[in-house]
Amino acid sequence: MNPPPEPPFSPVDSGSEPDPIPGSRPESPSGSAEREDLLLRYRAGDEAAFEELVEWMGPRLLGYFLRQGASPSVADDLVQRVFVRVLQNLDRYRPQGRLDAWLLRIARNLWIDRTRRKRPLLRFDEDLDAEDPRPGPDAMAVAADRAAALRDALRRLDPASRELLELAVLQRLPYGEVARLLGVPVGTVKSRVHYALRRLRSLLPPESP
Amino acid sequence: MTDRPHLPEEAEAVPDAAERAELERLADELRAACRDPELAPDFRERLALRLRRAPMWRRTLRRSVTARLAASVLVLLLAAGPIAAVALFWPELVAPRVLLGFEPTPPPPAPARPADAPPPPVVPPPDERFGPEWETALLRANRMARAARSWRQAGAAAPLPGHAVVVADWDLADAEALWNEFVRRCATGQTDAPEPELVARVRALAAEADPEAMEALAPWLWVLDGQPTTVGPGRAWPGAPWPAD
């Protein structure tokens with residue numbers, strides 16, 4: 001799987017309703033417009049804009065890489081490489097879409113390059129999920145902790161569903177952005193999100209009454 | 001993820017309101033369970049250091065003509081070493097072996113002569129070309145050269161050519177005109193053998209045997225025959241060769 005290029009970001013439906021994901025709470029719109037102009041401000045010489053960008057997107061990118069299976073040190077390194085690549089491609093950036101989607105596209109390309117070159121340190125077995133949808137022993141041990149069970153179930157998802165939930169649910173990207181990033185129709189993204197959530201639900205231990 | 005995995009039919013099913021609410025709650029729980037971690041305390045310092053080290057070649061090259069020029073020179077310099085090494089160990093690449101040889105070329109085809117073209121001049125054989133006429137003309141030219149040399153050596157004592165009379169026909173020239181012509185030819189270095197018309201006029205005047213005319217014709221008779229005149233020393237200048245001959 002070759003990572004798609006990182007063109008000047010121009011989403012199909014960037015102006016559409018933000019994130020109609022099941023259960024999503026739209027991100028607070030306050031400050032979102034300013035964030036879209038962070039790179040423009042930096043390109044104009046505002047050094048603080050880049051600091052703000054790191055503060056905003058750094059934790060999100062770190063969480064993205066960790067949930068994709070990277071070790072903490074690798075995830076830290078990859079986040080830094082994302083920002084380096086952002087500055088290297090600063091001239092190509094066109095403020096036509098969501099800035100976070102552009103950064104996530106860079107992150108996804110880096111992760112694809114890395115997994116193609118080298119297996120991730122924490123590797124998930126897709127077959128295990130396919131053969132045995134029940135929680136594993138570890139998940140059973142932490143079943144009392146709902147959050148831990150959710151994280152465990154997320155790790156046990158197949159990589160495609162995990163990436164979909166990562167982008168659509170955790171990163172709160174609109175369906176249009178996700179569809180453009182993954183190269184699939186918007187309708188497919190919607191159905192796959194439903195499917196991934198159902199799969200996630202099936203991997204959870206039964207809730208204690 | 002561009003490939004579409006085969007999903008079960010229930011995956012395509014649109015959730016009803018109850019399930020949708022449940023999935024929404026599940027998504028919220030997932031989001032709450034997977035909060036983004038904090039960056040390392042020294043993340044920004046390491047990032048700043050990395051950005052300082054990271055080459056922003058593309059941006060620099062795009063903006064600076066000097067940088068593009070420098071990069072081109074650098075690439076040429078880097079490539080010059082290997083190219084020179086290859087050329088050194090493989091000299092035939094740079095200086096291909098030169099084979100000396102002679103490749104005869106066929107003579108050009110003879111130009112086609114038109115049918116009405118004049119015939120080419122016939123060159124007489126050597127015996128005819130260098131016969132008595134040629135020898136006589138050569139001796140006369142030599143005598144004219146000797147006469148011209150004596151005229152130059154006489155300096156101020158040499159006579160100047162008289163007022164030149166344009167002679168349209170040598171048959172009309174008298175002895176005085178022929179004398180002036182002789183002096184003129186010596187003064188101008190015209191040492192060719194006299195032309196047949198002039199020779200005929202000198203002979204005709206000499207046949208009249210007028211003593212005064214013979215005085216003026218003496219240099220011409222010497223040039224023509226190489227013999228001194230019999231009627232007298234003839235008209236001459238100091239050092240002239242014909243009285244002595």
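The values are calculated or read from the model by the stated rules, or taken from the named source; none is laboratory data. Quantities reported herein were computed from a predicted structural model and do not represent experimental measurements. Here the Cβ positions follow ideal geometry from the backbone for every residue, glycine too, while neighbour counts run over all protein chains shown.
Could you grab me the full set of residues in segment A:59-99 that are within 11 Å of another protein chain (Cβ to nearest Cβ), polar (S, T, N, Q) and surrounded by 19 or more Cβ atoms within 10 Å (Cβ to Cβ)? Even if it seems obvious, please write down each step before you answer.
First, the residues of segment A:59-99 that are within 11 Å of another protein chain (Cβ to nearest Cβ): A:59-67, A:72-73, A:75-77, A:79-92.
Restricting the remaining residues to those that are polar (S, T, N, Q) gives A:73, A:80, A:88-89.
The one that is within 11 Å of another protein chain (Cβ to nearest Cβ), polar (S, T, N, Q) and surrounded by 19 or more Cβ atoms within 10 Å (Cβ to Cβ): A:GLN80.
Restricting to segment A:68-90, what's the tally of residues that are modelled with pLDDT under 90 and either in the same structural domain as A:ALA160 (by TED's automatic domain parsing) or more than 13 Å from A:LEU110 (Cβ to Cβ) (or both)? Going through segment A:68-90 one residue at a time, the tally reaches 3. For B:LEU47, state whether it is touching a Phe, Trp or Tyr at 6+ places or on another chain (Cβ under 9 Å), facing another protein chain (nearest Cβ under 7 Å), modelled with pLDDT under 75 and within 26 Å of A:LEU167 (Cβ to Cβ). Here the answer is no, as B:LEU47 does not meet what is asked.
Of all residues in segment B:134-179 being within 44 Å of the chain's Cα centre (by Cα) and farther than 28 Å from B:PRO238 by Cα, which is surrounded by the fewest Cβ atoms within 10 Å (Cβ to Cβ)? For segment B:134-179, the residue satisfying everything is B:GLU135.
Would you be able to say whether some residue in segment B:122-133 is over 43 Å from the mean Cα position of the chain (by Cα) and within 18 Å of B:PRO219 (Cα to Cα)?
No, segment B:122-133 has no match at all.
Note on segment A:163-177: residues that are crowded, with 24+ Cβ neighbours inside 10 Å and free of Cβ contacts under 8 Å to residues at least 60 places away in the same chain amount to 1. Applying the criterion of being within 7 Å of chain A (Cβ to nearest Cβ) and in a loop (DSSP other than H, G, I, E, B) to the residues of segment B:32-44, the residue that is farthest from the chain's Cα centre (by Cα) is B:CYS34.
Restricting attention to segment A:182-203, the residues that are more than 9 Å from chain B (Cβ to nearest Cβ), surrounded by fewer than 22 Cβ atoms within 10 Å (Cβ to Cβ) and either free of Cβ contacts under 8 Å to residues at least 12 places away in the same chain or closer than 17 Å to A:ARG98 by Cβ (or both) add up to 3.
Within segment A:77-87, being in contact (Cβ under 8 Å) with a residue 12 or more places away in the chain and out of contact with any Leu (no Cβ under 7 Å at 6 or more places or on another chain) holds for one residue alone: A:ARG85. Of the numbered criteria (1) in contact with a helix residue (DSSP H, G or I) (Cβ under 9 Å, 6 or more places away or on another chain); (2) more than 9 Å from chain B (Cβ to nearest Cβ); (3) within 30 Å of A:ASP145 (Cα to Cα); (4) not basic (Lys, Arg), the one A:PRO206 fails is (1).
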